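Notes for the one structure printed next.
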Amino acid sequence: MEIGEELRRRREERGITLEQVEAATRIRARYLRALEEGEFHRLPGEAYVKGYLRAYAAFLGLDADEVLASYKAGREAAAPPAEAGEEESGPRFGPPWPPRSPAASRCAARRSRLYPAPASSMLEVK
């Protein structure tokens, strides 16, 4: 049984509406509906999916760790497997900052002239 189906079944067994769950958990009804329909891409991000699943499962009396384990297993099964010997190309993360444009460099130079750094004697603690 899918995670969303289990959440919906448990909620309906208890006779609770989505609006009541929303009031108790402070999770918007549209996100609760997305969880029940298994449409996790409709939530703001991965951290929200995990947090909402944990809170919703706890509210319904389910084991939150089991629900998260089911979610992770389903997510890993849905991901396409990488082919043998195939590695990611390029850096995993981008540069720490975007390169400066010539205009930004001129602005930084102007700022350093207008607001010079304090003298080193001012930084010494006495």
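No value in this document is a laboratory result; all are computed from the given coordinates. Since the model is a prediction, treat every value here as computed from it, not as a measurement. Cβ coordinates were reconstructed from backbone atoms using ideal geometry, including for glycine residues, and neighbour counts include every protein chain displayed.
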Query raised in the report: Based on the Cβ-Cβ distance of residue 70 and residue 23, what FRET efficiency does E = 1/(1 + (r/R0)^6) give at R0 = 41 Å, to the nearest 0.05?
Result: 0.95
Report summary line: residue 113 and residue 9 label points (each 7 Å along its Cα→Cβ direction) are spaced in nm at 7.4
Query raised in the report: When the Kirkwood radius is taken over all Cα pairs of the stretch 3-78, what Stokes-Einstein diffusion coefficient follows at 10 °C and 1.306 mPa s, in µm²/s?
Result: 130
Report task. Run the quick spin-label model on residue 78 and residue 37: label points 7 Å from Cα toward the beta carbon, then report their separation in nm to one decimal. Result -> 1.3
